[in-house]
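Presented below is the structure to which this report refers.
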Amino acid sequence: MNDALNAPPPPADDIPRALGALEARLERTNELLRRMLAEVAKTPSTHAIFVDAGYVHASAGLLVTGTEDRRSFDLDAEGLIEAFIDTARTIFADSRLLRVYWYDGARRRIHTPEQQSIAELPDVKVRLGNLNANNQQKGVDSLIRTDLESLARHRAISDAALVGGDEDLVSAVEAAQGYGARVHLWGIEAADGPNQAEALLWEVDSQRTFDLEFCRPYVTRRPVTMYENEAEPPPSRDEVRFVGAQIAATWLGERGRDRLAELLPGDPYLPAAYDQDLLVEAESRLSRSLRGHGGLRRALRDGFWQHLRAQY
């Protein structure tokens, strides 16, 4: 080390050559930076839309029909998703859509027919949390956080439109913002008191609310079936069980064996959407309401499952 410190300085005529080499290297580095910045400038911004389906059903249903009960109305998810995409196209004019994420709950995470049809839409990804015995979603917020944080961390999105209202989403917003993404909160006009947490409103970069006129075309109340023979005694369990088997046979032909085979791991439980469709179809065939007849509804499911199991 002492020899290096005591080494004589380079000859004077070598200094210009060393400076010239250093300038050349700096110029090459600057050129690479200019090219990189030019590529970044040409790369379009990218946005994604994250939809909490439970929030949308509850808020839009309450606003349009006066009830949060998903069994009481139909939601045109395809039309609503397209409306969200059009809105984003207007707001993020110089940005391209990555995709729409649709978060919903399902028993044992088995897609319902409605969720399957949504998953088949272009540029849409359905992500399922669980649905407990009280039809409450579990795990949806953590899915949203995982996707938001991952996409922001990998610079896959520059903007995120979040349709939801749960305070648990605050951590997802903070995580995405920590990686430089902007998060925009979209909500449904509240029909009866606030439907988005204040803490969530405080954290996001912008807010937008969709009103009744926006939501009305996509929410339709289901007709209430009137029965004229309610004074007659209810049907027997065997009659109802037979109707359940008939409906299973019809659905096999209409919906396909593969789709109904996916229900088998859930036996003896049916996803909520299937169970509601089964009840409505049975009441139509029997011309009797089965509401309030728990034993008959169990017989209906028994007949449905008995026929389904016999086919596989």
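The values are calculated or read from the model by the stated rules, or taken from the named source; none is laboratory data. Not measured: the values here are computed from a predicted model. Heads up, the Cβs are rebuilt from the backbone with ideal geometry, glycines too, and the neighbour counts pull from every protein chain shown. Just so you know, the surface numbers come from the protein's heavy atoms only, side chains and all, with ligands and any DNA or RNA stripped out. Shrake-Rupley method; radii C 1.70, N 1.55, O 1.52, S 1.80 Å.
Going through the stretch 54-86 one residue at a time, which ones are small (Gly, Ala, Ser) and in contact with a Phe, Trp or Tyr (Cβ under 6 Å, 6 or more places away or on another chain)? Matches in the stretch 54-86: 61, 79. Residue check: is residue 208 in a helix (DSSP H, G or I), in contact with a helix residue (DSSP H, G or I) (Cβ under 8 Å, 6 or more places away or on another chain), of a type in the set (Lys, Arg) and open to solvent by 50 Å² or more (accessible area, probe 1.4 Å)? Taking the combined requirement at face value, the residue does not satisfy it. Hey, does the stretch 17-31 have a residue that's more than 35 Å from the chain's Cα centre (by Cα) and modelled with pLDDT under 65? Checked against the condition, which is being more than 35 Å from the chain's Cα centre (by Cα) and modelled with pLDDT under 65, the stretch 17-31 yields no hits at all. Part of a strand (DSSP E or B) and open to solvent by less than 80 Å² (accessible area, probe 1.4 Å) - does that describe any residue in the stretch 166-178? Looking through the stretch 166-178, none of the residues is part of a strand (DSSP E or B) and open to solvent by less than 80 Å² (accessible area, probe 1.4 Å). Every condition in (1) modelled with pLDDT of 90 or more; (2) among the hydrophobic types (A, V, I, L, M, F, W, C); (3) assigned to a loop (DSSP other than H, G, I, E, B) is met by residue 133 except one, and the failing one is (1).
Could you say which residue among 185, 270 is of a type in the set (A, V, I, L, M), in contact with a Lys or Arg (Cβ under 7 Å, 6 or more places away or on another chain) and outside any helix (DSSP H, G or I)? Every option except 270 fails the conditions.
Please count how many residues of the stretch 114-130 are open to solvent by 40 Å² or more (accessible area, probe 1.4 Å), touching a Lys or Arg at 6+ places or on another chain (Cβ under 9 Å) and at pLDDT below 90. Of the residues in the stretch 114-130, 1 are open to solvent by 40 Å² or more (accessible area, probe 1.4 Å), touching a Lys or Arg at 6+ places or on another chain (Cβ under 9 Å) and at pLDDT below 90.
Counting residues in the stretch 142-161 that are modelled with pLDDT of 95 or more, part of a strand (DSSP E or B), touching a helix residue (DSSP H, G or I) at 6+ places or on another chain (Cβ under 8 Å) and crowded, with 19+ Cβ neighbours inside 10 Å gives one or more. Do we have residue 45 as more than 20 Å from the chain's Cα centre (by Cα), closer than 14 Å to residue 161 by Cβ and modelled with pLDDT under 95 here? Against the criterion (more than 20 Å from the chain's Cα centre (by Cα), closer than 14 Å to residue 161 by Cβ and modelled with pLDDT under 95), residue 45 qualifies.
When you check residue 108 against the structure, is it closer than 30 Å to residue 165 by Cβ, at pLDDT below 85 and either touching a Pro at 6+ places or on another chain (Cβ under 9 Å) or assigned to a loop (DSSP other than H, G, I, E, B) (or both), yes or no? Answer is yes for this residue. Here residue 195 passes the criteria (1) surrounded by fewer than 18 Cβ atoms within 10 Å (Cβ to Cβ); (2) in contact with a strand residue (DSSP E or B) (Cβ under 9 Å, 6 or more places away or on another chain) except the one numbered (1).
Checked against (1) assigned to a helix (DSSP H, G or I); (2) out of contact with any helix residue (DSSP H, G or I) (no Cβ under 7 Å at 6 or more places or on another chain), residue 125 passes all but condition (1).
Summed over the stretch 84-104, the residues that are closer than 22 Å to residue 190 by Cβ and open to solvent by 10 Å² or more (accessible area, probe 1.4 Å) give a count of 2. Within the stretch 179-194, residues that are over 15 Å from residue 52 (Cβ atoms) have Cβ atoms under 7 Å from residues that are β-branched (Val, Ile, Thr) and open to solvent by less than 60 Å² (accessible area, probe 1.4 Å) in these pairs: 181/157, counting only partners at least 6 apart in sequence or on another chain. Residues in the stretch 61-104 that are touching a residue at least 12 places away in the same chain (Cβ under 8 Å), farther than 13 Å from residue 161 by Cβ and either hydroxyl-bearing (Ser, Thr, Tyr) or part of a loop (DSSP other than H, G, I, E, B) (or both): 65, 66, 72, 76, 94, 103.
Inclusion of residue 298 among residues that are more than 20 Å from residue 110 (Cβ to Cβ) and surrounded by fewer than 16 Cβ atoms within 10 Å (Cβ to Cβ) is warranted.
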